Every structure is written in C-alpha cells, then in structure tokens.
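Below is one structure; the comments refer to it alone.
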Amino acid sequence: MTHALDLPVLRTLNTSRHRRALMLFMVVVAAHWAEHLAQAVQIYVLGMPVAEARGVLGMPLPWLVHSEWMHYGYALVMMIGLILLRPGFVGRARTWWTAALVIQVWHHFEHLLLLVQAMSGANLAGRPVPTSVLQLLLPRVELHLFYNAVVFVPMVVAMVKHNNPSPRERAEAPCACAAARS
C-alpha cells in the first residue's frame, strides 16, 4: 500500500510546505466563514430579509449566493484541502483534523445533493427549491452556520494541537510547524 507521503507533491505539502499550505487553507476557510457571519449579521442584526442578505461578496455579485455550483465547488475544495493536508498531522491533532474531514464529507454530500437538484429540477420532498437532508429540519442559513462551525471548530483545535505537540507527537511529525513556533 502506498503511503500518502510517498507521493512527491503530498510529501512537500505535508513537510517543508505544510505550515504555508495550512495558512493559505485557513485564510480561505476563514474568508468563507466570514461570509456566513456577515450574512447572519445582515439577517439578525440589520433585519434584512433572507433573500436580500447575501454576505459581503454577494452584495455586488448576487449570483454567487444563488449558484449551487459555487457552493458545491467550495465544499469540494474544503474536503480536498482537509484530505491533502491530513498526512502532516499526527496524534491528537490528526484526530481533530480527521473529525473535521468526516463532518466535511457529509457537508459535501449535502452540497452535491443540492447541485443535483438544481441541475435536474427535481427537488427533495417536492420542495420548490433545492433542499438538503438536514434542511428538512433547519433553515438553510442556520444550517450552514452550523455546518461551518462544526467543521471549523475541530480544525482550529487540530491546529492548536499541531502547533503545540507532546514530545512524542513532535518526534513523529513529518513537518516542522511546531518547531517554527519555538
């Protein structure tokens, strides 16, 4: 069986470039999270109707908010990033990163379901708009705040553990992320 670090690009990404790749990935994740928080502020603080609350980028580019392709693309990029950067994590950090990945796999499935509905015009449960499984229980805005939180929190915990490893974890780590902090 091939180990992930046997592939040159993954070895580089999870060793000498791991810290830089994680930083770039987290900037993308934080920007996406900020868009959802801006939309929540627009709805719950500014009192905007949900249809008009489009976050920061959605205000000048409203098609972004309504594009299932864009939402699916982000969910896919997020899942791929979690997979590609996972080999650089060990011990407790890897456990938390894996938890984020497992949750993101479900989130990705939900976006795939939404995309298929948007493309086919056949919506779940006869709804007038594409609807995810958990959206049958929670409104879309709140559901995506929840999804982003339950993926983001274990990622942050993983990053903290990754940058503050136990002596055993430091010895096993393929990257020098923790050493860079010392």
Restricting to the stretch 26-65, count the residues that are of a type outside the set (S, T, N, Q) and part of a helix (DSSP H, G or I). 20
Of the residues Ala171, Ala158, only one is in contact with a Phe, Trp or Tyr (Cβ under 7 Å, 6 or more places away or on another chain) and among the small types (Gly, Ala, Ser); which? Ala158
Is it true that Thr131 is of a type in the set (S, T, N, Q) and either touching a residue at least 24 places away in the same chain (Cβ under 8 Å) or closer than 21 Å to Ala21 by Cα (or both)? no
If I filter the stretch 160-167 for residues that are touching a residue at least 60 places away in the same chain (Cβ under 8 Å) and touching a His at 6+ places or on another chain (Cβ under 7 Å), do I get at least one hit? no
I need every pair where a residue in the stretch 34-63 that is farther than 21 Å from Tyr147 by Cα has its Cβ under 8 Å from the Cβ of a residue that is surrounded by 14 or more Cβ atoms within 10 Å (Cβ to Cβ) and charged (D, E, K, R), sequence separation at least 6 or different chains. Pro62/Arg54
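The numbers here are math on the coordinates, done by the rules we state, and not lab data. All values derive from a computational prediction rather than experimental measurement. Note that we place each Cβ from the backbone using ideal geometry, even for glycine, and neighbour counts take in every protein chain shown.
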